[in-house]
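Since every read-out is calculated from the coordinates, none of them should be taken as a lab result. Just so it is clear, the model here is predicted, and its values are computed rather than measured. Positions of Cβ are backbone-derived with ideal geometry, glycine not excepted, and every protein chain shown enters the neighbour counts.
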Amino acid sequence: MFDRFFNLIKALFNGMMGKMEDPQLMLEQTYNDLQSNLIQVRQAVAQAIATEKQLEQQLQKNRDQTETWHNRAAMAVQQGNDDLAKQALQRKQQYSQAATELETQLKSQKESTTKLRQSLTDLEAEVQKAYTKKQVLIARDKAAQANVKASEILAKTTANGALSVIDKMETKVQEREAKALALQDLSGDSLDKQFKSFEGKSDLDAELLALKGSLGMSPTKLTVKEPALLEFNKEGQAETVDAQEVREVQE
């Protein structure tokens, strides 16, 4: 019982492994993985572009604030309020420093976005190439499977299949036909055959005599062998007796 259960589990496992190693399934799974990676890269590129846009907006705001506080400091100077002008200039420096840092971040982000865009373009080309190759390989695999199946069918048909059976049956039929002919020969009437044998010879001898007579030849030159006669012995079996000998005995 345990052995049967173990063999069943082993057969199921081998079947699963066979399906896992199937070229078509592997190609489809690999292509799906590439598609998933492509989606993730597109999302990363989209996020990089969004980050780049946000940095640009923040940079522009800081530049605007820098210019605003510069104008306010100028207004305070014009009004003779140096303390207020200093405070405005201090705020200007803060926005200016932030803008400088944002410029550095934006430059780095643009470089990263450019690289991601190129990676996305390359991956899209690879995915398209993979799709084309996948389709070609699947078509080749299907063709190979069809050829293998056809070859197996042909092998069974020609070697051990229908054609072989037909050839064997043809030989058997020929053997039966030969046996039937032999039985027909053995089942014929031997006595009738013997009569037909010498009756045929007698007809030929008579026709030969008639031919010689029509040609003016002496019939005495032809020795006619009289047909043999059949007699039955004490056991009831037929025996061949020469007609001349019978006539001599009778005389």
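When the chain is fully extended, how far beyond the present Cα-Cα distance does residue 181 get from residue 82, taking 0.36 nm per residue of separation?
21.5 nm
Within segment 93-117, whose backbone N sits under 16 Å from a point 7 Å along Cα→Cβ of residue 68?
93-99
Would you mind calculating the gained length between residue 24 and residue 144 on full extension (0.36 nm times residue separation, minus the Cα-Cα distance), in nm to one decimal?
Length gained, residue 24 through residue 144: 42.0 nm.
Pop the C-beta distance of residue 56 and residue 100 into the FRET formula with R0 = 22 Å and round what comes out to the nearest 0.05.
In this case the efficiency is close to 0.90.
When N counts the residues of segment 2-141, how does its alpha-carbon radius of gyration compare numerically with 2.2 N^0.38 Å, as a ratio?
2.11
With an 8 Å cut-off on Cα pairs and a minimum separation of 6 or more residues, tell me the relative contact order of segment 2-141 in percent.
36 percent
Report the normalised scattering of segment 73-182 as log10 I(q)/I(0) at q = 0.10, 0.20, 0.23, 0.24 Å⁻¹, calculated by the Debye formula with identical scatterers on the alpha carbons.
-0.72, -1.05, -1.13, -1.15
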